[in-house]
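Inspection log for the structure reproduced underneath, given as structure tokens.
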Amino acid sequence: KLLEAAKAEGGEMTIYSDTNEGEGLPLWKIFTAATGIKVNYVRGADPPLMARMMLEFRGDRKSWDVAQMGTIDKIPPQLLLPYDPAEAKNIPPDARDPGRRWYGLYANYNSPAYNTQHVQAADLPQAYGDFAKHKEWAGHVAIDGTDSEWLYAMVQYYGEDKATALIKDIVAAIQPVTTDGHLAQARSVGSGEYWLSLNNFVNLTMNVKLAGGPIEYFALDPVALTFGAAAISVKAPHPNTALLAANFLLSKECETFLAKFGRIPTRADVESNPPGIVQAIAKKKVITVTLTPEAEHKWQKRFDELFKGR
């Protein structure tokens, strides 16, 4: 019945996504093949997409139906429609927004990574404090300049004073380079431009590894966890189609497809690629992080003070 209602809306929809075209476009071809519904795929980085969504909302424009992004929890809730997809029962509670406005379809675990041609596994830190013992890595370690969620998890785990002192020691010893873009950073470590990531998304590390890059992650306490999630616009021009598409994103078929690219599924009945990532990370202290826009601003300011000196 939902499919019939969706087709009655015109047989098309628009999705805003931060997923790269290699994953996103083939995925929506599967949806179109199964439903006959045309998908207008708008891909972009999170900040410009979120700014666009805000402008369109304020202008009362019905521009998009579904968003698939890693920063959906930062979008003001009034932009998103509460909904109850049938497939939500197959994902864990921490991957569901308490307000029912978004649902996680893949997990972004935060963890260091290293280039296996520049760093030996035997030399890897056993705790974050060990990074400060490797002054020979100075200038060869990267961290994304927006890793406020990771910083928040560090403070939750160590306490504010200890986390601050630890990070200051790391910065003084190895002078991490702040980069722009998690995927670009993963590719840079895979190419050897940087030897290690102080922190990055495990799924992006695996994306580069699956493409043949000499890169591997190693989990340390704490592991910050965020989600790539699906949401529906409160002003969706095709509301029934949006419900159908958002439910599809949480399906076993969809998460299995995304796992081929290194995405880490939220469904327990879908294995990661390579297998065992979730089980290995679960041995560490995993802290789920969802920050309001105000909280993110606070922690980003603190991150800038620690890593950029401003």
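Observations
- Cut-off under 5 Å, modelled amide H: who pairs with Gly70 long-range: Asp18, Ala229
- Debye log10 I(q)/I(0) at q = 0.18, 0.25, 0.30 Å⁻¹ for segment 1-59, Cα point scatterers: -0.73, -0.98, -1.11
- For the chain, the Cβ-based charge dipole about the Cα centre amounts to some 340 debye (Lys, Arg positive; Asp, Glu negative; other atoms uncharged).
- Using the Karplus relation 6.51 cos²θ - 1.76 cosθ + 1.60 with θ = phi - 60°, the per-residue 3J(HN,Hα) values for segment 223-239 come to 9, 6, 10, 10, 10, x, 10, 10, 9, 10, 5, 5, 10, 4, x, 10, x Hz, with x marking Gly and Pro.
- Here the 3J(HN,Hα) profile of segment 21-26, calculated from phi with Karplus coefficients 6.51, -1.76 and 1.60 at θ = phi - 60°, is 4, x, 8, x, 5, x Hz, Gly and Pro shown as x.
- Fraction of accessible area attributable to carbon and sulfur, segment 1-112 (%, probe 1.4 Å): 55 percent
- Accessible area (Å², per residue) of segment 93-180, counting only protein heavy atoms and a probe of 1.4 Å: 44 Å²
- Cα shape, segment 1-99, gyration tensor, a/c 1.5 rule: rounded
- Amide H within-cut-off set for Val177, under 5 Å, with H built and near neighbours excluded: Val141, Ala142, Ile143
- Backbone geometry of segment 287-302 corresponds, through the Karplus equation with coefficients 6.51, -1.76 and 1.60 at θ = phi - 60°, to 3J(HN,Hα) couplings of 10, 6, 10, 10, 10, 5, x, 5, 5, 4, 4, 4, 6, 5, 4, 5 Hz, x marking Gly and Pro.
- Here the accessible area of segment 129-234 is 48 percent carbon and sulfur, with a 1.4 angstrom probe and all protein chains present.
- Contact order normalised by residue count of the chain, Cα under 8 Å, 6+ apart, percent: 28 percent
- When the helices of the chain are scored as -39500 (n - 2.57) per DSSP H run of n ≥ 4 and the total is divided over every residue, the value at 222 nm lands at -11500 deg cm²/dmol.
- Around Ala246: net Lys/Arg minus Asp/Glu count, Cβ-Cβ under 10 Å: -2
- For the cross-link pairs Lys209/Lys260; Lys7/Lys74; Lys285/Lys308; Lys1/Lys38; Lys162/Lys308, the ones whose C-alpha atoms lie over 22 Å apart are Lys7/Lys74; Lys285/Lys308.
- Cα centroid of segment 153-191 to Cα centroid of segment 13-59, whole Å: 31 Å
- Low-density loop cleavage sites - chymotrypsin sites (Phe, Trp or Tyr not before Pro) in segment 234-310, where at most 15 other Cβ are within 10 Å (DSSP): none
The values are calculated or read from the model by the stated rules, or taken from the named source; none is laboratory data. Keep in mind it's a predicted model, so treat the numbers as computed, not measured. All Cβ positions, glycine included, derive from the backbone under ideal geometry; neighbour counts span all protein chains shown. Ligands, DNA and RNA are stripped out before the accessible areas are found, and what is left, the full protein with its side chains, is counted by its heavy atoms. Shrake-Rupley method; radii C 1.70, N 1.55, O 1.52, S 1.80 Å.
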